[in-house]
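Chemist: Handing you this structure, nothing more for now.
The values are calculated or read from the model by the stated rules, or taken from the named source; none is laboratory data. Note that the coordinates shown come from a computational prediction; the quantities given were computed from them, not determined experimentally. Here the Cβ is made from the backbone with ideal geometry for all residues, glycine too, and neighbour counts use every protein chain on show.
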Amino acid sequence: MGNEAIALGAIEAGVQVVTGYPGTPSTEALETIIRYANRCGIYTEWSNNEKVALETSVGAAYSGAKALVTMKQVGLNVASDPLMSLSYIGVKGALVLLVADDPGPHSSQTEQDTRAFGHFANIPVLDPATPQEAYELTKLAFELSHEFEIPVILRTTTRVSHSCGDVEVTALEPAAVEVSCEGFVKDRRWTIFPRLTAERHPWLENVQVQLSECFSGLSCNSVSGSGKIGIIASGVSALYAKEAVRGFEELFTLFRVGTVYPFPEKAALSFLKEIDRLIVVEELDPYLEEQVLQLIGKAHLPVDVYGKKNGFFPVSGEYNVDIVIDGINGVLADLGENSCLPHASPAVLREELPPLPIRAPTLCAGCMHRTVFYAFKQAAKQLKKDSQADTIFSGDIGCYTLGNAHPLNMVDTCLCMGAGMSIAGGLFRTNPEAKHVAFIGDSTFFHSGIPAVINAVYNGADVTLAVLDNRTTAMTGHQPHPGIGVTALGSASKAIDIADVVRSCGVEFVRTVDIESLENNPENNPENNLENSLENSLEKCVEAAKEAMKFEGPSVIVFKGKCVGITKPSKCYTIEPENCTGCGFCVIQLGCPALTLPAEEDKPFIQDNCSGCGLCAQVCSSGAIRIQEVGL
Amino acid sequence: MKYDILIAGVGGQGVVLASRLLALAAMKAGFHVSTAETIGMSQREGSVSSHIRIGDKISGSLIPVGQADLLLGLEPAETVRNLPFLREGGKVIVNTHTIPPASRPPGSPEYDLSALLSFLNAHCPGILCSDFTELAEEEGTYRAANVAMLGAAAGAGVLPFSEETLKAVLNAEIPEKYRAVNKASFEHAMKCIRLISDA
């Protein structure tokens, strides 16, 4: 996998400190380092957010160590404060940031382009197209960072980070990293101050010029072909372009850019001088397009440019070979060329497909979040009945963003990591008659949720925060976090209690509802009966929700449960057909993937993927849903 | 040489594992390989697909429309959804076991299995269908349906490497705890597909 190749490249480059926060599609790079960390002597941590991760690696690099920080593109926004200052200060050992972009997007809030971010921040950016190039450019990134004393961004996209392929590596089993860190040496250069910034700014600008010069001579910027129509591309788009023009190579000359910022002007100029027209193939921002337009203007070259800005290529979304073929054919037609790049003929055209059911991502069967969302839905309904108050639900980033899906529809706003409670606070100022509830996951709470709690207490916002604590960073593949008591390397650490944190922030209403023990502990009810105790669990969630929403001032409920993705179910349920009325309430209300009511059947049934949360049994008014098996 | 395989299914069915096993087998057989996988949010019970591109040249990992030589469908509706990737005359192997979506948002069409199967039969000559979920369940767990489908592909003789190469990869990659049930599902599906193909 591309991310694994990056990890191996970093280890070979001698990385000593690795920090990061999980984020698709970047996560596996740090996870791979963890596999080798003890053997190779690499300090590795999951930090609680990207800003902290970067700052930690900065400290290591100030001391002369080689450090790597990993994050997804929106993580770079969180880390941008230290990064913007760091470019002036520079580093001593080496500091590489892996930042993974997500054209599409598949699993992200934005389609931002880290190439443009590098330009903005004066940080060099390398842009590999394959896992092999990712491996090689990682090593180059460390060399450049060390030589020029500046942080370097290795920018990937989903199709590089999450592509598996054959990679030729120098050593199959990485060797122990050589310790080359001289330790921190006190110097005024490490303390940013207006005067220092003023002194360093000319240095920073000069480094950009030097890097552009250096990049023009590197083999990762390569020209192939001798046609009069030029194509410039970077990252995986270069491969799409290559495949799109297969069989028509004599028409084109392809310039592949591996070092996208600072733009290798010299190499680009010699390419531009040999062509008549230029096609720009790139996902996301028209970054290369702007670079070449500027260069063509500066050098007064007679080359027309075809890209996003004049409508020949899509301005958004992920590219593929077919999109690139369409774009190039548009240009060829505009030029009056007779050639037209062919698409393959499929067995079936998309337009011929029969109607297909929509299959949106949804919460797993038995996910504790569904119970909490459903409980708040009931609580809000009851409050509406009692007091006419509407409830506005603010979501956050994580698996529980999927609470937005039909039929739960429990996410009215979602913006970025940690924003739920602050947005709810703003909604409270403008909609004081409504109730305001924010949902946040455990890992996101530690990432950036705490400042909003403090602000709600400080400024007196009447907001309820529901912490969905499933004791893992679930969406990105179950990484540990500060609440678990285990570090990335598996050693024990102090588990930080979320209820204690909010209490110490001054929240007066704090409850903990342990859904898992309610579900599984018969002692929770007088009859000492597992099924009765289950009936209590939803009810207890609803009661807690109502109480918190009625409380004036900030209130927090920590719902504790398990993530079904990493725990074995202890029981499963079945619907007894003789008692089921076929009303379909369980299927329609819960949207649980284990519950199904096929069109040809008149009663629903529970499938193999039931993980035994028992929510359906609690909402069934005819008592038709029973535990089938305990102790699976 | 180029051989493009697309695996389509639902998040949780083991599409990623199946594609990694095929990729490793292709590498073992001496080819370049490049995969594209669905990882992250869409994995949660959503439509997922893996592209596996095998050949002498290195390509981008996404298969262009109409170029897949083989479509392994772990679920009928997801198989149909990905048919436009299949080339004319490409091979389709489909698991007839349905996974109806967890909820039916307003405007989502009804899941009509018989309509989907007759569409597949009409448009994919030589299609091979079986309930690989049930077959895997018979061997011990429905979760091995993904590996059963690899057995089916090996049995149909449509992979660009030998059955032994793939088996060696299965042996090396599947944890011991699950190896026996996966091997049994693989063998069972392979035999079952050979019977269908011969008939």
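Let's see how each residue does on (1) surrounded by fewer than 17 Cβ atoms within 10 Å (Cβ to Cβ); (2) touching a helix residue (DSSP H, G or I) at 6+ places or on another chain (Cβ under 6 Å):
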position	(1), (2)
A:HIS300	yes, no
A:ASN310	yes, no
A:PHE313	no, yes
A:TYR319	no, yes
A:ASP322	no, no
A:ILE325	no, yes
A:ASN329	no, no
A:ASN338	yes, no
A:LEU341	no, yes
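Chemist: Quickly run through region A:372-415 and pick out the residues that are in contact with a Ser or Thr (Cβ under 7 Å, 6 or more places away or on another chain) and β-branched (Val, Ile, Thr).
Modeler: Selection gives A:ILE397, A:VAL411, A:THR413.
Chemist: If you scan region A:239-254, which residues turn out to be closer than 13 Å to A:ILE328 by Cα and either buried (at least 24 other Cβ atoms within 10 Å of the Cβ) or in contact (Cβ under 8 Å) with a residue 40 or more places away in the chain (or both)?
Modeler: A:TYR240, A:ALA241, A:LYS242, A:GLU243, A:ALA244, A:VAL245, A:PHE248, A:LEU251
Chemist: Looking at region B:9-41 only, could you name the residues that are within 10 Å of chain A (Cβ to nearest Cβ), closer than 24 Å to A:LEU239 by Cα, touching a residue at least 40 places away in the same chain (Cβ under 8 Å) and not in a helix (DSSP H, G or I)?
Modeler: Answer for region B:9-41, where residues must be within 10 Å of chain A (Cβ to nearest Cβ), closer than 24 Å to A:LEU239 by Cα, touching a residue at least 40 places away in the same chain (Cβ under 8 Å) and not in a helix (DSSP H, G or I): just B:PHE31.
Chemist: Considering only residues of region A:586-603 that are facing another protein chain (nearest Cβ under 7 Å) and outside any strand (DSSP E or B), which is surrounded by the most Cβ atoms within 10 Å (Cβ to Cβ)?
Modeler: Per the criteria, the residue is A:CYS592.
Chemist: Among the numbered criteria (1) in contact with a Cys (Cβ under 6 Å, 6 or more places away or on another chain); (2) closer than 25 Å to B:LEU62 by Cβ, which one does A:VAL125 miss?
Modeler: (1)
Chemist: Another question, if that's okay. Would you check if there is a residue in region A:200-210 being loosely packed, with under 14 Cβ neighbours inside 10 Å and within 27 Å of A:GLU318 (Cα to Cα)?
Modeler: No, region A:200-210 contains no residue that is loosely packed, with under 14 Cβ neighbours inside 10 Å and within 27 Å of A:GLU318 (Cα to Cα).
Quick grid of which residues meet (1) on the phi > 0 side of the Ramachandran plot; (2) assigned to a helix (DSSP H, G or I):
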{"residue": "B:ILE93", "(1), (2)": "no, no"}
{"residue": "B:PRO101", "(1), (2)": "no, no"}
{"residue": "B:ARG104", "(1), (2)": "no, no"}
{"residue": "B:GLY107", "(1), (2)": "yes, no"}
{"residue": "B:ASN121", "(1), (2)": "no, yes"}
{"residue": "B:THR133", "(1), (2)": "no, yes"}
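Chemist: I'm checking my understanding of the structure. Among residues of region B:78-91 that are within 27 Å of B:ARG194 (Cβ to Cβ) and part of a helix (DSSP H, G or I), which one is nearest to the other protein chains (Cβ to nearest Cβ)?
Modeler: B:LEU83
Chemist: Hey, could you check region B:85-120 for residues that are aromatic (Phe, Trp, Tyr) and under 19 Å from the mean Cα position of the chain (by Cα) and say which is surrounded by the fewest Cβ atoms within 10 Å (Cβ to Cβ)?
Modeler: Within region B:85-120, the match that is surrounded by the fewest Cβ atoms within 10 Å (Cβ to Cβ) is B:PHE119.
Chemist: Can you say whether A:VAL52 is of a type in the set (Val, Ile, Thr), surrounded by fewer than 24 Cβ atoms within 10 Å (Cβ to Cβ) and either within 19 Å of A:PHE446 (Cα to Cα) or at pLDDT below 95 (or both), as far as the supplied structure shows?
Modeler: Against the criterion (of a type in the set (Val, Ile, Thr), surrounded by fewer than 24 Cβ atoms within 10 Å (Cβ to Cβ) and either within 19 Å of A:PHE446 (Cα to Cα) or at pLDDT below 95 (or both)), A:VAL52 qualifies.
Chemist: Can A:GLU337 be described as of a type in the set (D, E, K, R) and at the interface with chain B (Cβ under 9 Å from one of its Cβ atoms)?
Modeler: no
Chemist: Considering each of A:ALA434, A:ALA424, A:ALA438 in turn, give the residue that is of a type in the set (Gly, Ala, Ser), surrounded by fewer than 22 Cβ atoms within 10 Å (Cβ to Cβ) and under 23 Å from A:TYR458 (Cα atoms).
Modeler: Within the list A:ALA434, A:ALA424, A:ALA438, the selection yields A:ALA434.
Chemist: How many residues, within region A:170-192, are modelled with pLDDT of 95 or more and not basic (Lys, Arg)?
Modeler: The total comes to 6.
Rundown of residues vs (1) among the hydrophobic types (A, V, I, L, M, F, W, C); (2) outside any helix (DSSP H, G or I), yes/no style:
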{"site": "B:ALA148", "(1), (2)": "yes, no"}
{"site": "B:ALA154", "(1), (2)": "yes, no"}
{"site": "B:VAL158", "(1), (2)": "yes, yes"}
{"site": "B:THR165", "(1), (2)": "no, no"}
{"site": "B:ASN171", "(1), (2)": "no, no"}
{"site": "B:ALA180", "(1), (2)": "yes, no"}
{"site": "B:ALA189", "(1), (2)": "yes, no"}
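Chemist: When A:ASP102 is evaluated against the numbered criteria (1) under 25 Å from A:GLU136 (Cβ atoms); (2) within 14 Å of chain B (Cβ to nearest Cβ); (3) surrounded by fewer than 24 Cβ atoms within 10 Å (Cβ to Cβ), which criterion, by number, is the only one it fails?
Modeler: (3)
Chemist: Are any residues in region A:384-418 part of a loop (DSSP other than H, G, I, E, B), closer than 28 Å to A:ASN49 by Cα and either among the hydrophobic types (A, V, I, L, M, F, W, C) or out of contact with any strand residue (DSSP E or B) (no Cβ under 8 Å at 6 or more places or on another chain) (or both), and if so, which ones?
Modeler: A:ILE397, A:ALA405, A:MET410, A:VAL411, A:CYS414, A:LEU415, A:CYS416, A:MET417
Chemist: Any chance region A:154-171 includes a residue that's loosely packed, with under 13 Cβ neighbours inside 10 Å and on the phi > 0 side of the Ramachandran plot?
Modeler: No, region A:154-171 has no match at all.
Chemist: Please specify each residue of region A:344-383 satisfying the condition of being among the aliphatic types (A, V, I, L, M), crowded, with 21+ Cβ neighbours inside 10 Å and in a helix (DSSP H, G or I).
Modeler: A:MET368, A:VAL372, A:ALA375, A:ALA379, A:ALA380 - these are the residues of region A:344-383 that are among the aliphatic types (A, V, I, L, M), crowded, with 21+ Cβ neighbours inside 10 Å and in a helix (DSSP H, G or I).
Chemist: On to the next question. Would you mind stating whether A:VAL305 is under 23 Å from B:ILE58 (Cα atoms), within 35 Å of the chain's Cα centre (by Cα) and not in a loop (DSSP other than H, G, I, E, B)?
Modeler: no
Chemist: While we're looking at this one, here's another question. Test A:VAL315 against the criterion of being more than 14 Å from every other protein chain (Cβ to nearest Cβ), part of a loop (DSSP other than H, G, I, E, B) and among the aliphatic types (A, V, I, L, M), and give yes or no.
Modeler: Yes.
Chemist: Could you list, in sequence order, all residues of region B:111-170 that are basic (Lys, Arg) and at pLDDT 95 or above?
Modeler: B:LYS167
Chemist: One residue is enough: does region B:121-132 have a residue meeting the conditions exposed (fewer than 15 other Cβ atoms within 10 Å of the Cβ), over 23 Å from A:ASP608 (Cα atoms) and away from chain A (no Cβ under 12 Å)?
Modeler: There is at least one residue in region B:121-132 that is exposed (fewer than 15 other Cβ atoms within 10 Å of the Cβ), over 23 Å from A:ASP608 (Cα atoms) and away from chain A (no Cβ under 12 Å).
Chemist: Quick check on my filter: what residues within region A:12-48 are farther than 23 Å from A:ALA79 by Cα and either out of contact with any Ser or Thr (no Cβ under 8 Å at 6 or more places or on another chain) or not assigned by TED's automatic domain parsing to the domain that holds A:THR156 (or both)?
Modeler: The answer is A:ARG35, A:TYR36, A:ASN38, A:ARG39, A:CYS40, A:GLY41.
Chemist: For region A:249-299, name all the residues that are among the polar types (S, T, N, Q) and closer than 23 Å to A:ILE123 by Cα.
Modeler: Selection gives A:THR259, A:GLN291, A:GLN294.
Chemist: Only residues in region A:8-25 that are of a type in the set (S, T, N, Q) count as the first member; pair them with residues that are surrounded by 24 or more Cβ atoms within 10 Å (Cβ to Cβ) and in a helix (DSSP H, G or I), Cβ under 7 angstrom, at least 6 apart or cross-chain, and list the lot.
Modeler: Qualifying pairs under 7 Å: A:GLN16/A:ALA60; A:THR19/A:ALA53; A:THR19/A:SER57.
Chemist: For the structure I just gave you, tell me whether A:PHE148 is of a type in the set (Phe, Trp, Tyr), at negative phi, buried (at least 24 other Cβ atoms within 10 Å of the Cβ) and not assigned by TED's automatic domain parsing to the domain that holds A:LYS242.
Modeler: no
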